[in-house]
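Take a look at the structure set out below.
The values are calculated or read from the model by the stated rules, or taken from the named source; none is laboratory data. In this text, all values refer to a predicted model and were calculated from it rather than measured experimentally. Ideal geometry is used to build each Cβ from the backbone, glycine not excepted, and the neighbour counts take in all protein chains shown. SASA here: full protein model, heavy atoms, side chains in, ligands and nucleic acids out. Shrake-Rupley method; radii C 1.70, N 1.55, O 1.52, S 1.80 Å.
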Amino acid sequence: QVQLVESGGGLVQPGGSLRLSCAASGDIDSINVMGWFRQAPGKQRELVATIFNEGTTQYATSVKGRFTLSRDNAGNTVYLQMNSLRPEDTAVYYCNAFVRVRSESAVRGYWGQGTQVTVSS
């Protein structure tokens, strides 16, 4: 019904930058909220940043001032610009969206497959 396709992960040195993208497609009527979570080895998945339908954004305290979440005009693709990366940012990053599915008139949550971000010298 709905697919989230992520791209942009990789290996970067401390202080470097990466940009993640997540494109939603399928039976979409509207997207209520869309964003990124991350999960480091041995840790719980945590919220990184999210953007609501009206444009409001929220960030984890640990990434404020370093990460910026934006979206395209259609609202189906979000971009996470990550600057001043630190080793502790190393994790698998997952795209998440709550979507109103057109054929069901219901809101459902979806996850992407995850993309690895490694910050290391």
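What to note about this one:
- Residues in the range 24-48 that are in contact with a Leu (Cβ under 9 Å, 6 or more places away or on another chain), open to solvent by less than 40 Å² (accessible area, probe 1.4 Å) and over 19 Å from THR61 (Cα atoms): ALA24 only.
- Some residue of the range 1-15 being open to solvent by less than 20 Å² (accessible area, probe 1.4 Å) and of a type in the set (Asp, Glu): yes
- Among the conditions (1) open to solvent by less than 20 Å² (accessible area, probe 1.4 Å); (2) more than 12 Å from the chain's Cα centre (by Cα), the only one that GLY65 does not satisfy is (1).
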